Amino acid sequence: MSDRFDAAEAAGGFTEYYGRAPGGVWSAPGRVNLIGEHTDYNDGFVFPFAIDRRTVVALGDRDDQVLRVSSTFAPDPVSVHLDDLAPDAVSGWAAYPLGVAWALRESGADLAHVRGVDLHLASDVPIGAGLSSSAAIECAVAVALNEHWGLGLDRPALAKAGQLAENRVVGAPTGIMDQSASLLGEADAGVFLDCRSLDADVIPLGFRDAGLVVLVIDTHVSHAHATGGYAARRASCEAGARALGVDSLRDVRVADLARAEAELDDETFRRVRHVVTENQRVLDAVRSLREHGPASIGPFLDASHVSMRDDFEISVPELDTAVEAAQGAGAVGARMTGGGFGGAAIALVADALVPDVTESVRAAFAARGFREPTVFAVAAAQGARRDG
Ligand code: ADP
Ligand code: MG
């Protein structure tokens, strides 16, 4: 599998920027969530994989205790003294990389005696397309600083540091799925994560041998306005759990849904039913993958989409169109992915059908007067690593 960025290119970027060679290069991928949507904050199950789009960070020592970070994505570098690291010390894009440095210290790493570093970032993870460019930048910086400073934190601890940076420094109330996928992913494998115990299992997908790829269909519908919708769904889940007398919806089974329907108002019930059936679909998809191979998971992807469209009500016409057009052109399965209200859909597609599916999706968007989507294939790739 060829990664678009190589270490030499990233090192060259650092040298051009800072006028000296870096001491090391690390990278971490974005991710796609194959199945398990809005289950993470309900203590449930998710099954994402790391993708072959990466954020690369080249790092070089400084003579002082300053951290400086630059990115091909932003015009100006941002600096902060190690002593001044704090949740409100940085804002904007630099909150991701510098927030990780703060979070590492918050997780117990002793940064009192480390030297400052210059960091230079380059990435081919599309930003804001639901592929978690944010986890890619956090995890690349986390593995780089952990190894360079000899902090000795393991990958689950680095995932927590990335999440802490995103929650407290960036201020986004996200779960730990993205960082887990970015740190633990492996080539042609998914990361099955229990969001209650944080146990993670790397499970072979077998897509490569089966001649399958995942197409990402970025609708370009912005989900920036979705904060209210996301918060409302979380509130519904909490209300449903409270009414049913459980800690979280993880504790409700499909067999309990008849009782839930009798006890909850219609809207809360449908929110609950999405989460409960989605958890079951993740378990079923993982079992089916193991027992019957990758082409067997299509119906779970399709059912996940229907549940998000009708019960959780987080789809939009562009996502429904992408899913229906992909299915109509022969995709094994398709669903919207991510938080909803826009963003991307995914379709599991046989290699030979990629042109047909792509064309059908484009034509369906054009026929409805929607903005042209960006369609591209992703493969499950290795998680965060040292590149040079
Ligand atoms: P997503 O994670 O879905 O791509 P987010 O809004 O969570 O979208 O994160 C995107 C933000 O992360 C960007 O707006 C930027 O602030 C930061 N970011 C991501 N990649 C980079 C990069 N290579 N360089 C600088 N900042 C980045
Ligand atoms: Mg993100």
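Kindly check whether there is at least one residue in the stretch 96-118 that is free of Cβ contacts under 8 Å to residues at least 40 places away in the same chain, under 20 Å from the mean Cα position of the chain (by Cα) and not assigned by TED's automatic domain parsing to the domain that holds A345.
No; the residues of the stretch 96-118 include none that is free of Cβ contacts under 8 Å to residues at least 40 places away in the same chain, under 20 Å from the mean Cα position of the chain (by Cα) and not assigned by TED's automatic domain parsing to the domain that holds A345.
Quick check: is even one residue across the stretch 95-114 out of contact with any helix residue (DSSP H, G or I) (no Cβ under 8 Å at 6 or more places or on another chain), closer than 30 Å to P299 by Cβ and at pLDDT 95 or above?
No, the stretch 95-114 contains no residue that is out of contact with any helix residue (DSSP H, G or I) (no Cβ under 8 Å at 6 or more places or on another chain), closer than 30 Å to P299 by Cβ and at pLDDT 95 or above.
Which one is surrounded by the fewest Cβ atoms within 10 Å (Cβ to Cβ) among residues in the stretch 18-42 that are in a loop (DSSP other than H, G, I, E, B) and either of a type outside the set (D, E, K, R) or within 17 Å of the chain's Cα centre (by Cα) (or both)?
Taking the candidates together, the pick is G19.
Identify the residue in the stretch 296-350 that is among the charged types (D, E, K, R) and closer than 18 Å to A232 by Cα and, among all such residues, is surrounded by the fewest Cβ atoms within 10 Å (Cβ to Cβ). Walk me through how you get there before you give the answer.
So in the stretch 296-350, the residues among the charged types (D, E, K, R) come out as 302, 309-311, 313, 318, 320, 324, 335.
Within this subset, residues satisfying the condition of being closer than 18 Å to A232 by Cα are 309-311, 313.
Values: R309: 19, D310: 12, D311: 19, E313: 16.
So, considering only residues that are among the charged types (D, E, K, R) and closer than 18 Å to A232 by Cα, the one surrounded by the fewest Cβ atoms within 10 Å (Cβ to Cβ) is D310.
Checking the conditions here, which among A352, A347, A363 is assigned to a strand (DSSP E or B) and either of a type outside the set (K, R) or on the phi > 0 side of the Ramachandran plot (or both)?
Of A352, A347, A363, the one residue that is assigned to a strand (DSSP E or B) and either of a type outside the set (K, R) or on the phi > 0 side of the Ramachandran plot (or both) is A347.
Which residues, counting only those in the stretch 91-130, are under 30 Å from L319 (Cα atoms) and either part of a strand (DSSP E or B) or of a type outside the set (D, E, K, R) (or both)?
Of everything in the stretch 91-130, those that are under 30 Å from L319 (Cα atoms) and either part of a strand (DSSP E or B) or of a type outside the set (D, E, K, R) (or both) turn out to be G92, W93, Y96, A122, S123, V125, P126, I127, G128, A129, G130.
Give the number of residues within the stretch 179-215 that are under 17 Å from the mean Cα position of the chain (by Cα) and small (G, A, S).
8
Scan (1) of a type in the set (S, T, Y); (2) within 12 Å of ligand 1 (Cβ to nearest atom); (3) over 29 Å from D194 (Cβ atoms) for the single condition T55 breaks and write down its number.
(3)
Are there any helices (runs of 4 or more DSSP H) wholly within the stretch 158-270 with 3 or more residues that are more than 16 Å from ligand 2 (Cβ to nearest atom) and either more than 30 Å from A377 (Cβ to Cβ) or without any contact (Cβ under 8 Å) to a residue 12 or more places away in the chain (or both), and if so which?
Helices (runs of 4 or more DSSP H) meeting the threshold: 227-244, 257-263.
Can we say I176 is within 16 Å of the chain's Cα centre (by Cα), modelled with pLDDT under 95 and of a type in the set (V, I, T)?
yes
The values are calculated or read from the model by the stated rules, or taken from the named source; none is laboratory data. Just so it is clear, the structure is predicted and the values come from calculations on it, not from any experiment. No Cβ is skipped: glycine too gets one built from the backbone with ideal geometry, and neighbour counts run over all protein chains shown.
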